[in-house]
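Report on one structure; see the data block that follows.
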Protein chains: 4
Amino acid sequence: MTDPQQLPALQRRLAEFAAARRWQPFHTPKNLAIALSVEASELLEIFQWLTPEQAAAVMTDATTAPRVEDEVADVLAYLLQFCDVLGIDLLAALAAKIDRNELRFPRPDDTTG
Amino acid sequence: MTDPQQLPALQRRLAEFAAARRWQPFHTPKNLAIALSVEASELLEIFQWLTPEQAAAVMTDATTAPRVEDEVADVLAYLLQFCDVLGIDLLAALAAKIDRNELRFPRPDDTTG
Amino acid sequence: MTDPQQLPALQRRLAEFAAARRWQPFHTPKNLAIALSVEASELLEIFQWLTPEQAAAVMTDATTAPRVEDEVADVLAYLLQFCDVLGIDLLAALAAKIDRNELRFPRPDDTTG
Amino acid sequence: MTDPQQLPALQRRLAEFAAARRWQPFHTPKNLAIALSVEASELLEIFQWLTPEQAAAVMTDATTAPRVEDEVADVLAYLLQFCDVLGIDLLAALAAKIDRNELRFPRPDDTTG
C-alpha cells in the first residue's frame, strides 16, 4: 500500500460514481446504514454453514475467496459513503475508540505465561 | 489525514490490543464476520425510528453524534480485524470492486445538467 | 387460520425436512441464529432504496410481493428451528415479553382522543 | 400450547399496545423491517464469542437463558407487526415456502444408511 491517499481517494471515487449516475437521492444516511448492514449480512452468509476449519480456509477456495473480497469491498464502500454523507472522519473515530478501549480494558500485567 | 499509514497502523493497534489481552482464540473469521454484522446493526439501530430529517441531523445532536462515531469505529475495527486474520487487502478489494462496477453500471452520457 | 396447531405443525415439518436431508449437523444454535439474522437482512434489503410510499406498496407490486412473502417465511422458519433446537416455547416467550412491556411502558391515561 | 388462537391473539395485543401509546406512525413497513433485523442481530450477539459447546448450553445458563428468550420474543414481535401492517398471512407464507422447498430439495432416496 504505497499510495498515502487511498482511503480519501476511494471515498471520492465512490462519491463521483454515485453522482454520475444520479444516485445521491437514494444515499440518505438511514438508507446507507441499512445498505451497510445488508452487506455485512451478505459477508456473514458465506460463513453460515461452514465449520471452523472451512471458515479458516475461505481465502484458499476459488469459489468463496472472490465472494469474500466482493462483500468486504461492499461493506467498506457503504461505510465510506455513510461517513462521507455525514461528515464523519472514519479513521479518527477508530483511533479515538481504540484509545478509549485501552482505558476500559487495561492491558493485563504480562509477567506470567 | 496526513499520516499515510493510518489504516495499517490502526490494523496493527487492533492486533496488538487483542494479543495483549489473549483475545485471538475468539477472533476466528466466522466470529469476526458475526461481530461485524452485529456492529452494523447497532449503527442502524440509532436510525430505526428516525424520520429522514432527524436522520440527516444525527451528527448535530449531542446524544446521537457520539453513538454514531462509536458504532462506525466498531464496524471498521471488525472489518480490519477480519481482513487481517484472512490476509485480505481491504483497500485493493474496494478499488477492484469500483473498477468492476464501472463496467457493470456504465457512466451515462452526461451532456445535459 | 382455522388449524389450531399450525405453528407446532410447521415446526414439525421443518424438523422432518431437515432430518430427511441430514441437515441437522448444520443446525447448531449459533448457525441458526446466524441464518435468522441473514434472512432478516434479506427481507430488509427489499426496502433499502424504497421511499416510504414505495415501501407501503410492496404487497401490491407483482415483483416485490412474492419476495417479501418468501423472506418473511424464511425468517419464521429459522426462528422456529432455533427455538426447536433449544427447547424454547416461542409463543410463551412473546406473551411474557408483552406482559413485561406493559409494566415498563404503562398505558397512558387515554381520556382524550 | 393449548390456546388455538395464540398467534393472532399476540398480534392483536401488539397492535393494541402500539395504538395505546400512539406508536403507529413509527411502525412503517420499512422501520419494522429495520427493527426486525436489529433484534435478530441482538439475538446473534449473545452467541458471537461462544464456542459450540457454550452455544448449545445457553438455555441452561441463568444469565443467557432470559436474554435469549427476550430476543426471540422481540424478533417474533416485529415479524408479527410487520406482517400485520402489510396484511401478510405469516403461517400461510411459511406453509407455502415449505411446499416449494420440498420440490426444490427433493427428499433423498433413503434405502441406504
Exercise. A:R22: out of contact with any Phe, Trp or Tyr (no Cβ under 8 Å at 6 or more places or on another chain), without any contact (Cβ under 8 Å) to a residue 60 or more places away in the chain and on the phi > 0 side of the Ramachandran plot, yes or no?
Worked result: yes
For this session: Would you check if A:R13 is modelled with pLDDT under 95 and either over 30 Å from B:R107 (Cα atoms) or of a type in the set (D, E, K, R) (or both)?
Result: no
Exercise. If only one of B:D70, B:D99, B:D84 is within 17 Å of A:A96 (Cα to Cα) and charged (D, E, K, R), which one is it?
Worked result: B:D70
Exercise. Out of curiosity, is A:E16 facing another protein chain (nearest Cβ under 7 Å), of a type in the set (D, E) and out of contact with any Cys (no Cβ under 6 Å at 6 or more places or on another chain)?
Worked result: no
Problem set entry | Identity of the residue in segment B:90-110, more than 7 Å from chain A (Cβ to nearest Cβ) and in a loop (DSSP other than H, G, I, E, B), that ends up surrounded by the fewest Cβ atoms within 10 Å (Cβ to Cβ) | B:D109
Exercise. For segment C:33-75, what are the residues that are touching a residue at least 24 places away in the same chain (Cβ under 8 Å), more than 9 Å from chain A (Cβ to nearest Cβ) and aliphatic (A, V, I, L, M)?
Worked result: C:A33, C:L36, C:L43, C:I46, C:V68, C:V72, C:V75
For this session: Kindly indicate the residue of segment B:39-63 that is crowded, with 21+ Cβ neighbours inside 10 Å and within 14 Å of the chain's Cα centre (by Cα) and also nearest to C:Q48 (Cα to Cα) among those meeting that condition.
Result: B:L44
Problem set entry | Residue count for segment D:78-89, restricted to those that are facing another protein chain (nearest Cβ under 7 Å) and within 15 Å of C:L80 (Cβ to Cβ) | 2
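The values are calculated or read from the model by the stated rules, or taken from the named source; none is laboratory data. This structure is a prediction, so every number in the text was calculated from the model and none was measured. Note that we place each Cβ from the backbone using ideal geometry, even for glycine, and neighbour counts take in every protein chain shown.
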